[in-house]
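Everything on this sheet refers to the single structure shown next.
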Amino acid sequence: MHAVRLTPTRVHRFYRGGALLAALRGEHAEDGSFPEEWIGSVTPANNPGRADPDDGLSRLADGRLLRDAVAEDPIGWLGEEHVARFGASTGVLVKLLDAAERLPVHAHPDRAFARRAFDSPFGKTEAWLVLRTRDEEAEVWVGLREDGEPERFLEWIRLQDVDALLGSLNRVTVRAGDVVYVPAGVPHALGAGLLIAEVQEPTDFSLLCEWRDFPIDPEDGHLGLGWDEAVRAFDLRAHSPILSLPPESHAFFEVDERAEASGRFAILLVVEGQGAIDGIPAGPGDALAIPAASRELHVAGELGVLRFLAPDPAI
């Protein structure tokens with residue numbers, strides 16, 4: 001098996017952005033309602049009010065859904081150990097995300113909560129790799145500065161006390177090249193003006209603490225759980241920002257800059273240069289799926305890449 005080109009999959013979200021997605025490819029576009037591109041996705045997008053069941057799913061160059069191709073040959077795509085541990089899911093999702101406005105404070109469930117509440121083997125631990133910023137630097141908010149109490153946090157949500165919600169978090173200035181690791185459960189928010197490559201577990205579970213000034217139905221924020229239950233998914237302990245990928249992240253994904261086959265499913269994203277991979281022309285913004293059965297990649301030209309590996313099934 002060889003590397004396969006992935007076609008761009010733009011995804012509708014409630015916030016505006018997307019101009020930097022075009023700029024990555026040397027193109028021009030205005031910000032709009034499709035600020036994310038999902039790469040190597042076998043995960044449908046959770047978009048209330050939008051009925052397309054394929055929304056968010058990646059397609060191969062021949063038009064097939066990646067999900068269907070993997071289902072036809074899970075061992076070839078994912079490897080025996082991976083299938084034994086995770087089934088026919090790739091176990092990883094990559095997004096290019098360009099937020100032209102600040103995103104609301106939110107958090108994602110861990111695997112234990114997701115299994116209990118949504119019958120999902122995956123939660124949503126994630127990491128952000130900052131590719132560009134609209135200004136020299138931008139801001140993110142990650143983790144509580146001090147231990148919090150569920151009752152107080154719920155009160156902030158019910159009152160829509162945005163100053164308290166945002167003010168309770170660590171504010172971090174980031175630039176191109178920075179990395180932020182966000183374990184499941186940790187409250188966080190992205191600031192405006194960031195193009196990031198986000199690698200995460202393959203779900204679209206977001207518990208949205210803010211809806212004031214956003215086109216969000218308050219009932220969608222708790223994913224149908226009710227806030228008294230949903231708040232149990234939040235890690236309200238003090239949490240210092242993690243500005244690297246720690247060893248424990250390997251249970252969810254791995255990231256490096258190697259254009260190489262690894263014996264595990266991987267997503268390869270080109271971030272700079274021009275060339276070809278296994279004879280497929282490649283430039284900034286292009287992405288390929290690398291099956292576990294690939295033995296080697298033939299790279300021509302000077303390419304800067306990010307390689308996102310499926311979780312290590314041995315962890």
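The values are calculated or read from the model by the stated rules, or taken from the named source; none is laboratory data. Please read these numbers as outputs of a predicted model, since none were measured by experiment. Note that we place each Cβ from the backbone using ideal geometry, even for glycine, and neighbour counts take in every protein chain shown. Remember, those area values only see protein heavy atoms, side chains included, never the ligands or the DNA or RNA. Shrake-Rupley method; radii C 1.70, N 1.55, O 1.52, S 1.80 Å.
Please give, to one decimal in nm, the separation of the simple spin-label points placed at ALA164 and ASP220, each 7 Å out from Cα toward the Cβ.
Rounded to a tenth, the inter-label distance reads 2.6 nm.
About the Cα centre of the chain, how large is the charge dipole given +1 on each Lys and Arg Cβ and -1 on each Asp and Glu Cβ? Please answer in debye to the nearest 20. Don't skip to the answer; put the middle values down first.
Working: 30 positive and 53 negative charges, 64 e Å.
Using only the charged Cβ atoms, the result is roughly 300 debye.
Return the calculated 222 nm mean residue ellipticity for the chain, to the nearest 500 deg cm²/dmol, obtained by summing -39500 (n - 2.57) across DSSP H runs with n ≥ 4 and dividing by the residue count.
On the way: 8 runs with 53 residues, N = 315.
Result for the chain, helices only: -4000 deg cm²/dmol.
Return one number: the angle in degrees, 0 to 90 and rounded to the nearest 10, between the long axis of the Cα atoms of helix 150-159 and the longest principal axis of the Cα atoms of the chain.
90 degrees
Taking amide hydrogens as modeled 1.01 Å from N in the peptide plane, which residues meet the under 5 Å criterion relative to VAL299, leaving out close sequence neighbours?
Distant-sequence amide H within range of VAL299: ASP278.
Take the solvent-accessible surface of the protein heavy atoms, probe 1.4 Å, and return the percent of it on the chain that carbon and sulfur atoms account for.
Of all accessible area on the chain, carbon and sulfur atoms account for 47 percent.
Given R₀ = 25 Å, FRET efficiency for GLU136-ARG25 by Cβ-Cβ distance, to 0.05?
0.65
Averaged per residue, what accessible surface does the chain expose to a 1.4 Å probe, in Å²?
Values: 13420 Å² over 315 residues.
Heavy-atom accessible area per residue stands at 43 Å².
In whole angstrom, note down how far apart the Cα centers of the range 171-228 and the range 254-296 are.
27 Å
If packing is taken as the mean number of other Cβ atoms within 10 Å per residue, what is the order of 296-302, 6-12, 130-136, highest first? Each step should come with its number before you reach the end.
On the way: 296-302: 13.3, 6-12: 18.1, 130-136: 16.1.
Ranked by mean Cβ neighbours within 10 Å, highest first: 6-12, 130-136, 296-302.
Quick check: residue separation of GLU149 and SER244 times 0.36 nm, minus the Cα distance between them. What number comes out in nm? Write out the running numbers ahead of the final one.
Working: separation 95, 0.36 × 95 = 34.20 nm, distance 2.77 nm.
Once the chain is fully extended between GLU149 and SER244, it gains 31.4 nm.
What does the extension gain come out to for HIS298 and ARG10, with contour length at 0.36 nm per residue minus their alpha carbon separation?
Working: separation 288, 0.36 × 288 = 103.68 nm, distance 2.82 nm.
Fully extending the segment from HIS298 to ARG10 adds 100.9 nm.
So between ASP228 and THR173, what do we pick up on full extension, going 0.36 nm a residue minus the alpha carbon distance?
Working: separation 55, 0.36 × 55 = 19.80 nm, distance 3.24 nm.
The ASP228-THR173 span can extend by a further 16.6 nm.
Considering the dipole of the range 186-250 built from charges on the beta carbon (Lys and Arg +1, Asp and Glu -1) around the Cα centre, which of LEU225, PRO202, SER240 is farthest to its positive end?
SER240
Give me the compactness ratio for the chain, meaning the Cα radius of gyration over 2.2 N^0.38 Å.
Numbers: Rg = 18.9 Å, N = 315, 2.2 N^0.38 = 19.6 Å.
Computed over Cα atoms of the chain, the ratio equals 0.96.
Which one, VAL70, PHE252, PHE214, is farthest towards the positive end of the dipole of the chain when Lys and Arg carry +1 and Asp and Glu -1 on their Cβ?
VAL70
Tell me the relative contact order for the chain as a rounded percent, counting alpha carbon contacts under 8 Å between residues six or more apart.
23 percent
Around ILE242, which amide H atoms from residues at least 5 apart in sequence, or from another chain, sit under 5 Å from its own amide H, with H modelled in the peptide plane?
Excluding prolines and chain starts, which carry no amide H, the hits are TYR181.
Place a +1 charge on the Cβ of each Lys and Arg in the range 158-283 and a -1 charge on the Cβ of each Asp and Glu, then give the dipole magnitude about the Cα centre in debye, rounded to the nearest 20.
Here the size comes out at about 320 debye.
Roughly how much of ASP147 is accessible, in Å² to the nearest 10, using a 1.4 Å probe?
Accessible surface of ASP147 is approximately 120 Å².
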